[in-house]
Amino acid sequence: MTFAFFLGAGNIIFPPQAGLSAGDNLLPAMFGFLSTAVGLPLIGIIAVAVAGGGWKGLTRDLPPQLATLMAVLIFIIIGPAFAAPRTGLVAYEMAVKPFIADGGQTSLTIFSVAFFGLALFFAWSRGRLIDSIGKLLTPALFAVLAILAVAVFLNPQSEIQAAQGDYVNMAFTKGFLEGYNTMDTFAALMFGMLIVDVIRNKGITDEKATCKYLMMAGVIAAAGLAFVYISLFYLGATSAAVADGAANGGAILAGYVLALFGPVGQYILSAIVMLACLTTAIGLISACSDYFSSLTRLSYETWAVILSVTCGVVANVGLNQLISLSVPVLFALYPVAVALVILTFVRRWLPNPRLAYRVVLLVSLIFSLIDAGKVIGLDMSFLSFLPMFDYGMAWTTPTLLALVVTRFFRADICEAKAQTA
């Protein structure tokens, strides 16, 4: 179930494009991508387990209002604003539109209603998520993905070409940043809470047992994601002969599958995309509904309906527009999520966790806004002296320095100064 929740639209459309551009620098680019698209989500799931299985545990050293605001922003991003509608859009573009003679706005609207209506049906009862997703949809998804992976490695469609663009000189870093697009570090922090609820619904209430099963779920999901990404990266790297004119990773994947399997390939591709996108949409709607119902008087079921309808509306914006809108937001908030995960693991060594959390997260946000500004076209060249500025990671060094500095702020000294003031 956890694997299927993570494997969604971005996980399918971004690796082939990255693999094609990386070319003969495939390995460093792929390892960079795996770092943020597999490593960070796994660490995020483990952080949720270590912190006590929920957002409150992760953010216990932050003011409650700030912790709630952070959670709401992340849920909006992975829910109705970007990630969830993207699942419907990718499913339409890659799984349905090729079979429609004139796929216009009307057909997209009809599909959006059907797709998010089906997602709502599965998400309606959290208690059945393991049975409906883990036992039914995930095996079907993994079986089709395995067929594609074996075919790609046995019959590559092209020689690997020379690296292009940023992949020539900074392949690892470029791959690392591309991994942001999956949004899975955000999802890990939020899915962790949902998975804990599902585990407890199975009668497991002991904290140690819950933590153990949560970590096991994370490891299994990470292994499955790594298998998919490696296959899709290699697919992209060997797609030069079939990707002529392809505008995005979805088009590369479609051309490759057509070359491998002929006309029947479109049915295989449609099955992969539809299952992957549907399971992720179910997970996102469930996680968002679970959290928002805890903040308001509205029930889980009511929120599930509201979010499904909203996702269907937003999905009609269009895939390219949605991706372009989401990128600067990801550059601004992803480093904050990474910093929060790091703080969770080093908390026991911090003399004053409350101060450390506030300082480190604030520094990560301020400097991540620099990278987000570059993405939207603002002139940030006056800050080019910052380490990793040219790589879109200006936040890393200041955030690590803030973490080191707060390591030496003893709690008793800070409390004494506060009392004096």
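When the Cα positions of Trp349, Trp395, Val313 are compared along the charge dipole of the chain, Trp349 comes out farthest toward the positive end, with charges on each C-beta of Lys, Arg, Asp and Glu. Between the listed residues Pro328, Leu194, Ala29, the Cα displaced farthest toward the positive end of the dipole of the chain, a dipole computed from Cβ unit charges relative to the Cα centre, is found at Leu194. Taking the longest Cα principal axis of the chain as reference, the axis of helix 138-154 is set at about 70 degrees.
Whenever you get a sec, compute what percent of the accessible area on the chain sits on carbon and sulfur atoms (1.4 Å probe). For the chain, the apolar C and S fraction of the accessible surface comes to 67 percent.
Computed over the chain with a Gaussian network model linking Cα atoms closer than 10 Å, the most mobile of Thr310, Thr280, Thr205 is Thr205.
A Gaussian network model of the chain, with springs between Cα atoms under 10 Å, assigns the largest mean-square fluctuation among Leu89, Leu400, Leu214 to Leu400.
Over the range 326-412, Cα pairs under 8 Å with separation of 6+ residues give a relative contact order of 39 percent. A 29 angstrom limit on the alpha carbon distance is what I want to check against. Which of Lys56/Lys212; Lys135/Lys212; Lys97/Lys374; Lys56/Lys202 exceed it? Beyond 29 Å between Cα atoms: Lys97/Lys374. Can you bin the chain into rounded, prolate or oblate? Criterion: square roots of the alpha carbon gyration tensor eigenvalues sorted a ≥ b ≥ c, rounded for a/c under 1.5, prolate for a/b above b/c, oblate for the rest. Oblate. Positive end of the dipole of the chain, charges at C-beta (+1 Lys, Arg; -1 Asp, Glu), about the Cα centre: which of Val72, Ala149, Met183 has its Cα farthest in that direction? Highest projection toward the positive end goes to Val72. Roughly how tilted is helix 396-406, in degrees to the nearest 10 and between 0 and 90, from the longest Cα axis of the chain? Value to nearest ten degrees: 30.
When the chain is treated as a GNM with alpha-carbon contacts under 10 Å, the residue of Ala83, Ala226, Ala187 showing the greatest mean-square fluctuation is Ala226. Taking every protein chain into account, the accessible area of the chain amounts to 42 square angstrom per residue (probe 1.4 Å).
Can you tell me the relative contact order of the range 1-316? Whole percent, Cα pairs under 8 Å, sequence separation 6 or more. List each step's numbers first, then the result.
Numbers: 503 pairs, mean separation 141.5, N = 316.
Once normalised by length, the contact order is 45 percent.
For helix 207-237, what angle does its Cα long axis make with the longest principal axis of the chain, in degrees from 0 to 90 and rounded to 10? Tilt of helix 207-237: around 40 degrees.
Taking all pairs of distinct Cα atoms, average 1/r, flip it, and tell me the Kirkwood hydrodynamic radius of the range 326-412 in Å to one decimal place. About 13.3 Å for the range 326-412.
The values are calculated or read from the model by the stated rules, or taken from the named source; none is laboratory data. What you are looking at is a predicted structure, and each value in this text was computed from that prediction instead of being measured. We place every Cβ from the backbone using ideal geometry, glycine too, and count neighbours over all the protein chains shown. In case anyone asks, the SASA skips ligands and DNA or RNA and just uses the protein heavy atoms, side chains included. Shrake-Rupley method; radii C 1.70, N 1.55, O 1.52, S 1.80 Å.
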